[in-house]
Amino acid sequence: MADQRPSTSQQRPQQQQQQQQQQDQGKLQNRNNRKRRLSMNRKKGNKKGARKQQEEGPEPRSPLLEPLIQNLSACQPQEEMQALMAALQPTPADVDIALNMVKYDLRRVLVMPGNQATIYEFGSIKSGLLMKDSDLDFYVHYAREKNEREEQTKLIHIICSRMDKDPNFANMVKIVGAKVPLLRAVHVRTNLQCDINFSNARGCYNSKFIYAVMKFDARIHHLTLIVKFWAQCAYILTPHRQMNSYCLIMMVIFYLQTRKLPVIPSVEDMQHGIGRINFGPWNLGYPQEITYRTWNVNSVRELLVGFFKYYSEFDFAGNLISPFVGRLCSLEELEKKTIRELATYYRAVEREDYPALATGPCISIQDPFELNVNVGKVLRTNALLEQMKYSFTHAYAVCQRFQGKEFAKLLIALFTEVERFPKQPKQPPAKPAGTAAAAKPNGTVDPQPGPSGTASNSTPSSVPAPVGVPKNGCWYKCRLPPIENELYLVKQILLVRERDRKTIITDERVRQLWSECMLDFIVDILRKLYMVQVEPIDTPPAESAIRTYLLTCARQVFIARKRINISNEQDLKREIEISKERWAKNHAMKFKTRAEMVAVDGAIELRVPNDQPKNGPFRLFIDTCFLVHIRKCLRGYFMVMLAKAEEKARQAKAVPVTSTATDAATAMPVTTAATDVAASVPVTTAATDAATAETVPAQTEDGGNSETLKQATAGKDDAQPLNDSPGPGLSH
């Protein structure tokens, strides 16, 4: 009988085909199991492609929508809120069971020998606004605190590696580039997503405050719950997390405070008569039981319709949303310092050198306790702002259409009849040559001007045009206007220099000297404290008023850095040494860009071509390093400058000199003083030299800006102290 089995030559192609299929399946499985890596160096093409695909695809509907519609359709009049809460919120017993299960499994992966961990839940689970599909937020506090960002990042990697080996956790994502580094994971037994951080203790406090507000009046709880779920359906609270529930809750509280008959008082009024809880200059105190007699008797439906009407007509670009103030104020009033309730904020910015509230870029929502924090800065794109405005307007139109009908039908219509903002047809941007009227980049908004260093993309007509226009015709600008404490220090410097009081020190002279010093100070701070390589670029003589540099950064030294306090030369040396030590820790932050600095309308502008990624390392550097610490550094430089001027004045008073000697001293070149100061604050150390090979800031000690300083001071009335150092360590 003939052998029916295939021959060896026939078996080989089949075996090869099977091996190829197994390899393909293995590659596909590895690709599916691969975790998403959040990196600042991610390619723009991949990011934009994924974002575009998500925007074009249909948004998945909430799984809670169908049960909610069924409950509202079957409920009796006056029972709409009970039906809504039964469909959206879990029972307290279910919450306790799920929370205990998650915390039990978390303790196993968080244990550290000799360092006890305590788990605190915050967010919606603590504020009373938890929904059945909400995430769980946890803050983990160790007995030996890990305050440094590097320690927190290392801890996230350790915990994530433990979760990899634990079957109770899956889909771990390490988000270490955010302002608050966190670890995101899914708890398998409860199928709940958990966000774990080790530094945001303030989140627990804010959640308790929201719970106290919700408990004060049941109408506030019901209204906030409706608005939160509506925002999920109306494309405002999206999976991209460009808007969060905390901002929305602050908007609800602010709306209820600004009624003709307020439902709830301002946070400032709540703090009257209770103990103060100090957090720097801020008062974190609030009553656990809010006692306030409100004369507002509107129903939840009337408050809901008023909420949509209020924000459909609200000027987000010109007004400030401040639950602390509790009344409508404009950003212009904030700039002019005419909001009496914010006296504590103004004092902290001017006298204690705290960073000012950076308004914008789309909406400005002031934190109710940390008054210099804009929680609305998470909304950064023009597209989402237009969608939010459009959703408010559309929701108010739905309310008008269902006027007089049952409340349940109105709620169903609000949750189901949602629309996207219609996309405008793309038009080729006009790029007039040699003008500053450049087109805005896609998906960005010009940030609103703030009282301190703020970012802006627009170029006023009175501003000199930047040297050369970038490829997309746009500029990202950081504006630093003069503030009172800096002008006060400059005036004191002039008073020390003008010992004979022969000339009048006018505001114009003070501002002129401030402007001249600022340009040199910023360059020096970038080099010595921020450890950024700053290389000057030659510009045409006609545009010599604009200084052009090439900024190169390899590592960051300022994120999560402790408060800077520079009052003398020793403090400055200490801060420079700290920067070098943090440089050695090698926390990467790489960017390279062209930048221009110019004095415009009495302020200093730092202009950068707007071709950097929106969430890339340069924007992270500007938002979390430069704008946060630059004012403290500048104030320290002016204080060192004042101390040197006073020291020279004492020396001149103690040692009488002849007129000839005085003339000779006056004729001394300014390079001597600049070189002396540079020598007193050495920069070129072994650590810096070793790092120079990796594009580390290359500083020299030859007083590189002395020629600029000579031009700035020669021939003016206040040019007497040419030998005085115009600032600490001005060598480039």
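The values are calculated or read from the model by the stated rules, or taken from the named source; none is laboratory data. It should be emphasised that the depicted structure is a prediction, and the values quoted were computed from it without experimental measurement. No Cβ is skipped: glycine too gets one built from the backbone with ideal geometry, and neighbour counts run over all protein chains shown. What goes into the accessible areas is simple: the full protein's heavy atoms, side chains included, and nothing from ligands, DNA or RNA. Shrake-Rupley method; radii C 1.70, N 1.55, O 1.52, S 1.80 Å.
The table for this structure:
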quantity	calculated
Selection of chymotrypsin sites (Phe, Trp or Tyr not before Pro), the stretch 75-139, meeting DSSP coil and at most 13 other Cβ within 10 Å	none
In sequence order, calculated HN-Hα J values of the stretch 277-294 (Karplus, 6.51, -1.76, 1.60; Hz; x Gly/Pro)	10, 7, 9, x, x, 8, 9, 8, x, 7, x, 5, 10, 6, 10, 7, 9, 9
Accessible surface of the stretch 73-143, 1.4 Å probe, proportion on carbon and sulfur as whole %	55
q = 0.13, 0.23 Å⁻¹: log10 I(q)/I(0) that the Debye formula gives for the stretch 152-200, counting C-alpha atoms only	-0.26, -0.78
Exposure ranking of Thr291, Thr393, Thr552, Thr503 by accessible area [1.4 Å probe, largest first]	Thr291, Thr393, Thr503, Thr552
Reduced Cα scattering model of the stretch 527-644, Debye log10 I(q)/I(0), q = 0.11, 0.13, 0.14 Å⁻¹	-0.42, -0.59, -0.68
Reduced Cα scattering model of the stretch 161-235, Debye log10 I(q)/I(0), q = 0.23 Å⁻¹	-1.03
Residues whose placed amide H lies under 5 Å from that of Ile537, excluding near-sequence neighbours	Thr548, Tyr549, Leu550
Only Lys, Arg (+1) and Asp, Glu (-1) charged, at Cβ; the stretch 185-314 dipole about Cα centre in debye	160
Restricting the stretch 260-343 to GluC sites (Glu not before Pro) in coil, as DSSP defines it, with at most 16 other Cβ within 10 Å	Glu289, Glu313
Residue-normalised accessible area of the stretch 498-608, expressed per residue, 1.4 Å probe, Å²	44
Gyration tensor (alpha-carbon) shape descriptor, the stretch 183-278, a/c threshold 1.5	oblate
Global geometry of the stretch 273-394, whether rounded, prolate or oblate, following the gyration tensor of its Cα atoms and the 1.5 cut on a/c	oblate
Neighbourhood charge, 11 Å Cβ-Cβ cut-off, centred on Gln288 and excluding it, Lys, Arg +1 and Asp, Glu -1	+1
Nearest-0.05 FRET efficiency for Lys405 and Arg144, computed from C-beta distance (R0 51 Å)	0.25
Distant-in-sequence amide H partners of Met589 (H built 1.01 Å from N, under 5 Å)	Arg555, Gln556
Accessible area expressed per residue, the stretch 102-203, with surrounding protein chains retained (probe 1.4 Å, Å²)	46
Whole-number accessible area per residue in Å² for the stretch 211-368, which is evaluated in the context of all protein chains at 1.4 Å	40
Chymotrypsin sites (Phe, Trp or Tyr not before Pro) lying in DSSP loop within the stretch 265-358, provided at most 11 other Cβ fall within 10 Å	Trp295
Electrostatic dipole magnitude of the stretch 145-254 [Cβ: Lys, Arg +1; Asp, Glu -1; Cα centre; debye, to 20]	120
Å³ per residue enclosed by the Cα convex hull of the stretch 311-364	77
The stretch 546-595, dipole about Cα centre (Lys/Arg Cβ +1, Asp/Glu Cβ -1), debye to the nearest 20	300
